[in-house]
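Each remark here refers to the structure printed beneath this line.
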Ligand code: ADP
């Protein structure tokens with residue numbers, strides 16, 4: 001049988017309970033009270049009592065529903081505002097590399113362009129293409145995460161090697177006034193774990209890209225330590241930092257700290273939401289410690305699933 005709508009159920013309940021109350025309360029009163037004067041007075045109070053009880057009931061039911069409706073309304077407004085910000089962001093983020101690709105490929109066609117200039121222009125075109133691909137990948141990733149169409153693929157991973165590989169690929173991107181270091185919290189043997197290497201690489205790469213983007217001098221370091229049955233990763237920088245007001249919001253999709261009309265740093269505001277989505281899938285947590293002007297330290301955890309037992313150093317059965 002099809003479920004009755006909420007409002008019909010309320011009205012039906014009201015009529016049934018009211019009817020039962022009228023019939024049975026009268027019967028009970030007539031049975032117990034013989035004095036007609038007393039009966040009339042009680043009848044009046046009985047009416048008020050019913051009105052009071054139904055008012056309280058209506059208030060409670062209506063209030064809980066109104067709260068739900070108002071929350072949903074606020075969510076819809078927020079989501080709409082974020083989508084508009086996202087559209088503005090993404091069109092700007094796409095237009096910049098697109099213009100660069102078009103501009104430099106135009107210059108390449110020019111007969112007066114020297115070979116060294118051509119190499120520089122090709123470099124710019126390749127950089128802008130990477131930027132475009134990155135945006136498309138981020139949008140794809142977030143939609144896969146949000147529709148639940150992404151899964152974890154655990155395999156044996158040499159974590160220390162993975163961190164070293166990241167070091168080699170990020171080192172050339174580090175600005176010259178910044179020191180760059182990696183901290184590995186376990187021996188090579190104990191850092192052989194079961195996890196999804198692609199996701200770990202993607203999360204660390206996103207955090208490192210941000211650290212590089214928002215840091216002009218000082219240091220950037222990353223690594224992990226073991227905390228009981230978890231591995232706690234970190235990416236630490238001495239960059240612009242983030243006000244505590246934004247420490248939660250930045251993990252929501254499309255959220256950027258800088259105002260929508262001021263565009264100092266590129267990015268569509270999806271990187272951290274993707275990190276959080278992946279970390280949720282890995283059954284970990286992500287959080288930040290940061291102060292404006294002092295830098296940011298991002299942390300995330302994953303369960304520690306070693307391949308070798310730390311005492312016997314024999315393979316653990318998984
Ligand atoms: P974006 O593509 O804009 O970098 P993210 O989701 O990666 O998107 O980050 C969201 C926002 O968080 C950024 O716009 C930036 O304001 C802030 N943020 C992220 N990482 C850092 C960092 N290391 N230092 C300062 N601000 C950061």
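When residue 211 is tested against (1) crowded, with 20+ Cβ neighbours inside 10 Å; (2) near the ligand (Cβ under 9 Å from one of its atoms); (3) within 24 Å of residue 181 (Cβ to Cβ); (4) free of Cβ contacts under 8 Å to residues at least 60 places away in the same chain, only condition (4) is not met. In the set 82, 132, 29, only one residue is modelled with pLDDT under 90, over 30 Å from residue 7 (Cα atoms), in contact with a helix residue (DSSP H, G or I) (Cβ under 7 Å, 6 or more places away or on another chain) and surrounded by 14 or more Cβ atoms within 10 Å (Cβ to Cβ); that residue is 29.
Filtering segment 229-286 to residues that are near the ligand (Cβ under 8 Å from one of its atoms), touching a residue at least 12 places away in the same chain (Cβ under 8 Å) and part of a helix (DSSP H, G or I) leaves 250, 251, 271, 272, 273, 274, 275.
Yes or no: segment 71-89 includes at least one residue that is under 18 Å from residue 10 (Cβ atoms) and not assigned by TED's automatic domain parsing to the domain that holds residue 250. Outline the logic, then answer.
Step one: list which residues in segment 71-89 are under 18 Å from residue 10 (Cβ atoms), which gives none.
No.
The one condition from (1) in contact (Cβ under 8 Å) with a residue 12 or more places away in the chain; (2) under 30 Å from residue 224 (Cβ atoms); (3) under 26 Å from the mean Cα position of the chain (by Cα); (4) surrounded by 13 or more Cβ atoms within 10 Å (Cβ to Cβ) that residue 93 does not meet is (2).
Over 25 Å from the mean Cα position of the chain (by Cα) and assigned to a loop (DSSP other than H, G, I, E, B): is that true of residue 186 in this structure?
Numbers: over 25 Å from the mean Cα position of the chain (by Cα): yes; assigned to a loop (DSSP other than H, G, I, E, B): yes.
When the stated conditions are applied, residue 186 passes them.
When you check residue 166 against the structure, is it more than 18 Å from the chain's Cα centre (by Cα) and either more than 16 Å from the ligand (Cβ to nearest atom) or over 22 Å from residue 289 (Cα atoms) (or both), yes or no? Yes.
Given the criterion surrounded by fewer than 16 Cβ atoms within 10 Å (Cβ to Cβ) and not in a helix (DSSP H, G or I), identify the matching residue among 137, 99, 112. Show your work before the answer.
On the way: 137 fails: not in a helix (DSSP H, G or I); 99 fails: not in a helix (DSSP H, G or I).
Just a single option satisfies the conditions, and that option is 112.
Might you check whether a residue that is within 11 Å of the ligand (Cβ to nearest atom), touching a residue at least 12 places away in the same chain (Cβ under 8 Å), under 30 Å from residue 176 (Cβ atoms) and exposed (fewer than 13 other Cβ atoms within 10 Å of the Cβ) occurs anywhere in segment 298-316? Among the residues of segment 298-316, not one is within 11 Å of the ligand (Cβ to nearest atom), touching a residue at least 12 places away in the same chain (Cβ under 8 Å), under 30 Å from residue 176 (Cβ atoms) and exposed (fewer than 13 other Cβ atoms within 10 Å of the Cβ), which makes the answer no. Per this entry, residue 188 is counted among residues that are more than 9 Å from the ligand (Cβ to nearest atom) and touching a helix residue (DSSP H, G or I) at 6+ places or on another chain (Cβ under 8 Å). Scanning segment 1-26 for residues that are more than 21 Å from residue 56 (Cα to Cα) and surrounded by 10 or more Cβ atoms within 10 Å (Cβ to Cβ) gives 4, 23, 24, 26.
The values are calculated or read from the model by the stated rules, or taken from the named source; none is laboratory data. Since we're looking at a predicted model, the values are computed, not measured. Because the Cβ atoms are built from the backbone with ideal geometry, glycine has one as well, and the counts that use them run over all protein chains shown.
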